[in-house]
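Accompanying notes for the structure given below.
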Amino acid sequence: MGHVKGAEENLTVSKLREWFPDATFSTKDFRNETTLLIRSGDLIRICRYLKEDPGLLYDFLSDLTAVDRLGDHPRFEVVYHLYSLQYTQRIRLKVQVGEGEAVPSVTSVWGAADWHEREVFDMFGICFEGHPDLRRILMPEEWEGFPLRKDYPVQAAPKWWEEGATSD
Amino acid sequence: MTERRTMTINMGPQHPSTHGVLRLVLELDGEIIVRCMPHIGYLHTGMEKVAESKRFQQVVPITDRMDYLAPLSNNLAYALAVEKLLGIEAPPRAQVIRVMLTELTRIGSHLVWLGTHAIDIGAMSVFLYAFREREAILDMYEQVSGARMMSSYFRVGGLLADLPEGFEKTVRSFIASFPDRLAEYEDLLTHNPIWIERTRGVGVIKPEEAVDLGLSGPSLRACGVAWDIRKSNPYSGYEQFHFEMSRGYHGDVYDRYLCRIFEMRQSVAIVRQALEGLPDGPVVVADPKLIPPPKPMIKQSMEALIDHFLLWSKGFVVPAGEVYQSVESPRGEYGIYLVSDGGNKPYRVHFRTPSFVNLQSLPRMAEGRLVADLVAIIGSIDIVLGEVDR
């Protein structure tokens, strides 16, 4: 899975270098998987290109999630796993984002991003600019805090619970 | 008055046909669904958060509890992801046993789908038959792992233990009788005019819409998109097995039904090949840092005792890095995104569960249809809410 052969891997990266000479990005290969770290300003045009280029056709958004690198600046990484049904290739895109900053929404490129971005918003508090309906998805609407952040405790009771427990 | 009046109602969260606790807010014009809004999260238990505080091997039981109808598919994805990060591969015998049991899991999961889907639409007897066969598969889980549902049989580095004595005979007798049983279910449904009336042309989704919404598994193949991860990006030795990919044409509830029935037959073929080609040898990697030493050795060797103690108190460390590993679960692409910081616990695990993503296409399939069709459509996407909410 995700085995990117040397030739194809270079194809995606070299095509991007050719088409986006002004965009800065870095690549990393680990365990036969390629990761592209790009700037959030380039995200939409790169995604659209990766999806539509006839030689790449990353038409399937497999997964979209985030990682909290507490202590690093910028703090969060938003991670996109793209898949090409035609060429059975995978590529991972990463965008770094600081606390309180927003990332452009890719819902206009892949409809599947809708719930994924809502989940990342719900769990990490990262906002997606241009998302049609950005609200919590798994946690209750009135929930405070973002559970998957590293500074959110694993075991904690919500405020109403604590208050209820002590008022007796 | 020319203004159209619509009514908004709640379906769920406690509704038997939502296969768990799914709440749908429906805007209705008479009996026609104008708008369908799924509300999820009722079963959210923070599995990804919990996984960050568990050692790598301890995450395996969490994956069981997500898709509780196909625990072994989830175990497999997780074990493969950690093994990929470690840069190791399970021994050949373990790989074939993994394939065999994952395919039995697929049959078991599809049987629950078939039974509940049929009962939703009003065919009671199929449910009783399907659960009879599923019982045989749960018995097999119990034989290999001691647990009927939360088996946790696949571990990082191989399997919990080798197959028990007599297991191959049990599987052989199951796959000998199962194709005929499947033919009986088909007699009850495939050409049944009521079944066809309720399912054909219902909940149609076009292939390009399905790909855009990230639909995967049998529901995607029913639209005519030929994508099966076992074929396109084989894992655990699937490239050595001969089987055909299911394929539909219309993307409706009926084609999804046909695809899953077809897949059960193919799974039987894979299980048969696995039984015939089952190699001998160990079922775990020979690495004392990953796998506890055999019990008698602990009493003889100081090193074995130390390895044993370290494994149960600290676990093992995994090199820093990140991998994405996906498998074809009965419901579609089940992916694990695993990040390690070089410690003995995952820094971050994300479970890309097919039910969560597939559920997004429900409104697209249901809007413009009758309320009664909604029940058929929900059944046909085959969601497990434990996996949607995690």
Open item on the list: Using amide H atoms built in the peptide plane, which far-off residues or other-chain residues are under 5 Å from A:Phe30 H to H?
Closed with: A:Thr35
TODO: Bin all alpha-carbon pair distances of the protein assembly as shown at 20 Å intervals from 0 and give each bin's fraction as a whole percent.
DONE: 21, 55, 24, 1, 0
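For chain A, what D do you get in µm² per second when you plug the Kirkwood radius from alpha-carbon pairs into Stokes-Einstein at 20 °C and 1.002 mPa s?
Details: Rh = 17.3 Å.
D, rounded to a whole number, is 124 µm²/s.
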Open item on the list: Loop only by DSSP, 15 or fewer other Cβ within 10 Å of the Cβ. Give me the trypsin sites (Lys or Arg not before Pro) in region B:281-360 that pass, ordered by residue number.
Closed with: B:Lys289, B:Lys314
Task: Derived scalar couplings ³J(HN,Hα) [region B:93-110; Karplus, 6.51 cos²θ - 1.76 cosθ + 1.60; whole Hz; x for Gly, Pro] - done: 4, 4, 5, 5, 4, 4, 4, 4, 6, 5, 6, 4, 4, 4, 4, x, 5, 5
Task: Cα pair distances in chain B, grouped into 10 Å bins until the bin that holds the longest one, percent each - done: 5, 23, 31, 24, 11, 5, 1, 0, 0, 0
- [ ] Would you please give the residues with an amide H less than 5 Å from that of B:Ser329, counting only those at least 5 places away or on a separate chain, with H modeled from the backbone geometry?
- [x] B:Tyr334
Task: J(HN,Hα) series, region B:77-82, from Karplus relation 6.51 cos²θ - 1.76 cosθ + 1.60, nearest Hz, glycine and proline x - done: 4, 5, 4, 5, 5, 5
Open item on the list: Could you work out the pair-distance distribution P(r) of region B:170-278 from its alpha-carbon pairs, with 5 angstrom bin width and percents rounded to whole numbers?
Closed with: 2, 12, 18, 19, 18, 15, 10, 5, 1
Open item on the list: Under the rule that an exposed site lies in a DSSP loop and has at most 10 other Cβ atoms within 10 Å, name the longest stretch of chain B with no GluC sites (Glu not before Pro) of that kind, not counting the sites themselves.
Closed with: B:166-390
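Going through region B:199-233, which trypsin sites (Lys or Arg not before Pro) have at most 14 other Cβ atoms within 10 Å and a DSSP loop state?
Values: sites: B:Arg200, B:Arg221, B:Arg230, B:Lys231; in loops: B:Arg200.
Sites meeting the loop and neighbour criteria: B:Arg200.
Read the figures in this text as sums done on the coordinates, not as results from a lab. Keep in mind that this is a model prediction, so the values were computed, not measured. Heads up, the Cβs are rebuilt from the backbone with ideal geometry, glycines too, and the neighbour counts pull from every protein chain shown.
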